[in-house]
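The values are calculated or read from the model by the stated rules, or taken from the named source; none is laboratory data. Since the structure is predicted, the reported quantities are computational estimates derived from the model, not experimental observations. Glycine gets a Cβ as well: all are built from the backbone with ideal geometry, and neighbour counts include every protein chain shown.
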Amino acid sequence: MVNLCNMGHLIAPSILAADFANLQREVEAVNDTEADWFHLDVMDGVFVPNISFGMPVIKSIAKHAKKPLDVHLMIVDPDRYIDAFHALQADVLTVHLEACTHLHRTLQAIRAKGMKAGVALNPHTPVSSLHDVIEELDLVCLMSVNPGFGGQEFIEHTYSKVRELRAMINRAGSSAMIEIDGGVGINNWSKLVNAGADVLVAGSSVFNSPSLANAIRIMKGIPEQSQA
């Protein structure tokens, strides 16, 4: 297992916003930046109203990626695919609370494969829903847009959810990381980190930037003058 944690907060560029006609080039470009993870959104058109990409694309990404793969399953019945995503070299596997009938069992199955276990919450789902599993989690992904499409407007209520979740994690003595997915960019990254976020998923805000590397450096809090 690759070391998933570095000092400070992490940036996970979302491949959903990349240029799929030049996927290898995009993956290698992220490899050469200060980014920490690759964030891969898998959508089935059932749990969310969109279809993204599946296992063949992830297999191709894994061949070129030099950073951990953070796989976010926006699908129904994710338990059926735990073995498959383990075989595809996922380092973090996140399932939606709303899609899991037996969440505790799902988390155990993910961890049994040696992957970090994450749970994602839709914007309407309260963080209190995680009270009984918080100690079993390596990561909580708070959706800060309605899942299914990139480029949406950030939901402002997310800040208070981050603070509430951070307090819950601290009370439980959990080591779970807080990830924010949706609408993250150079205008709100610092406020999210100050609220308690550990991992920021950035899609269009980095891939549509004039400079992928510079956008990531800004959101990492690295001064521009430190560039070589």
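Some observations on this one:
- So GLY8, is it out of contact with any Ser or Thr (no Cβ under 9 Å at 6 or more places or on another chain), modelled with pLDDT under 95, farther than 29 Å from GLY196 by Cβ and not hydroxyl-bearing (Ser, Thr, Tyr): no
- Selection within region 56-77: residues that are in contact with a helix residue (DSSP H, G or I) (Cβ under 6 Å, 6 or more places away or on another chain) and not small (Gly, Ala, Ser). The member of this set that is farthest from LEU10 (Cα to Cα) is VAL76.
- Of the candidates ASN146, ASN214, ASN170, the single residue that is among the polar types (S, T, N, Q), surrounded by fewer than 22 Cβ atoms within 10 Å (Cβ to Cβ) and closer than 20 Å to PRO13 by Cβ is ASN214.
- Scan region 139-160 for residues that are farther than 21 Å from ASN170 by Cα, within 14 Å of the chain's Cα centre (by Cα) and among the β-branched types (Val, Ile, Thr) and the total you get is 1.
- In region 73-90, the residues that are within 17 Å of ALA120 (Cα to Cα) reach residues that are aromatic (Phe, Trp, Tyr) with C-beta atoms within less than 6 angstrom, at least six apart or across chains, in these pairs: MET74/PHE47; ILE75/PHE47; VAL76/PHE47.
- Checked against (1) in contact with a strand residue (DSSP E or B) (Cβ under 7 Å, 6 or more places away or on another chain); (2) surrounded by fewer than 20 Cβ atoms within 10 Å (Cβ to Cβ); (3) of a type outside the set (Phe, Trp, Tyr); (4) under 17 Å from ALA87 (Cα atoms), VAL42 passes all but a single condition, namely (2).
- Some residue of region 149-161 being touching a helix residue (DSSP H, G or I) at 6+ places or on another chain (Cβ under 7 Å), buried (at least 22 other Cβ atoms within 10 Å of the Cβ), among the charged types (D, E, K, R) and not in a loop (DSSP other than H, G, I, E, B): yes
- The set of residues in region 26-72 being aromatic (Phe, Trp, Tyr) and without any contact (Cβ under 8 Å) to a residue 40 or more places away in the chain consists of PHE38, PHE53.
- Residue in region 90-102 that is under 21 Å from VAL145 (Cβ atoms) and of a type in the set (Ser, Thr, Tyr) present: yes
- Test: residue in region 3-10 that is assigned to a helix (DSSP H, G or I), within 15 Å of the chain's Cα centre (by Cα) and either surrounded by fewer than 22 Cβ atoms within 10 Å (Cβ to Cβ) or touching a residue at least 40 places away in the same chain (Cβ under 8 Å) (or both): no
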